[in-house]
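The block underneath contains the structure these notes are about, expressed in structure tokens.
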Number of protein chains: 2
Amino acid sequence: MTFEEYKKKAFAEDPELYKEYKALEPEYEIIRQIIKARNELNLTQKELAEKIGIKQSNISRLESGNYNPSLDFLKKVAQGLGKELHIEFR
Amino acid sequence: MTFEEYKKKAFAEDPELYKEYKALEPEYEIIRQIIKARNELNLTQKELAEKIGIKQSNISRLESGNYNPSLDFLKKVAQGLGKELHIEFR
DNA sequence: ACTTAATATATCATATATGGTATAATAAAT
DNA sequence: ATTTATTATACCATATATGATATATTAAGT
């Protein structure tokens, strides 16, 4: 069973779980993309942090999920990854 | 001359201008989408604010541009507009 | 011209993000 | 098994976001 299948099953059984997952989707989206990009670029948290002039622990805190970053902070991280930040309301 | 044409001309003449515009692009992207969505839904700032349980002045401040919102705040606004927030590093 | 509605701006108290330091926990390398 | 590298977590001082209130300015309606 893949994680996608697991999610489907869990959400069908527990609508509250789905609701709470949905509310945090932007956070998961951000974390997935950052970790994926770091891996593609072969960057550690420490190296990414150095690129944007902060310490490693601040990248870890962002990737932990339990954190509410500002727009400016996300822009900095995007810059460190050589990317642009795009915000969409869909 | 459209605004797009004007931008092209201004940026060619002043690379520093382009750089500073680029740095603020996520903010402009957000503001454009919020105002567009409010207009499509025929919502005033006050009505959008009421939907998410804050005051009108806080929506105005966000739309002013000179403001650094948090992820949570942007999620609230998206919810008020009946939309989902999507963050992409491209 | 006047009134009402909508938006913008300033200010304040409080909550929280950011940057750091330190160090613990885990993973990878040897 | 041990060492090194990487990541996670806690805590702190400071900066700033959030929510409010108040009110000024601008736009729209009459």
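A short reminder: the numbers here are calculations on the coordinates, not readings from a lab. Remember, it's a predicted structure, so these values are computed and weren't measured experimentally. Cβ placement follows ideal geometry from the backbone for every residue including glycine, while neighbour counts extend to all protein chains displayed.
Of everything listed in (1) surrounded by 14 or more Cβ atoms within 10 Å (Cβ to Cβ); (2) under 27 Å from residue B:19 (Cα atoms); (3) out of contact with any Lys or Arg (no Cβ under 7 Å at 6 or more places or on another chain), the single unmet condition for residue A:40 is (1). Restricting the range A:55-90 to residues that are surrounded by fewer than 14 Cβ atoms within 10 Å (Cβ to Cβ) and more than 10 Å from DNA strand C (Cβ to nearest atom) leaves a set whose member that is farthest from the other protein chains (Cβ to nearest Cβ) is A:64. Give the range B:40-49 a look and list any residue that's touching a helix residue (DSSP H, G or I) at 6+ places or on another chain (Cβ under 6 Å) and farther than 19 Å from residue B:84 by Cβ, or say none. Scanning the range B:40-49 gives B:45, B:46, B:49. Looking across the range A:34-65, the residues that are at positive phi and free of Cβ contacts under 8 Å to residues at least 24 places away in the same chain come down to A:42, A:53. When each of A:23, A:37, A:10 is tested for being farther than 19 Å from residue A:82 by Cβ and in contact with a Leu (Cβ under 9 Å, 6 or more places away or on another chain), the lone residue that passes is A:10.
Candidates in the range B:55-67 are the residues that are under 17 Å from residue B:33 (Cβ atoms) and not in a helix (DSSP H, G or I); of these, the one that is farthest from DNA strand D (Cβ to nearest atom) is B:65. Here residue B:13 passes the criteria (1) under 24 Å from residue A:78 (Cβ atoms); (2) away from chain A (no Cβ under 14 Å) except the one numbered (1).
Where helices (runs of 4 or more DSSP H) sit wholly within the range A:15-54, those with at least 1 residues that are within 14 Å of DNA strand D (Cβ to nearest atom) occupy A:25-40, A:45-52.
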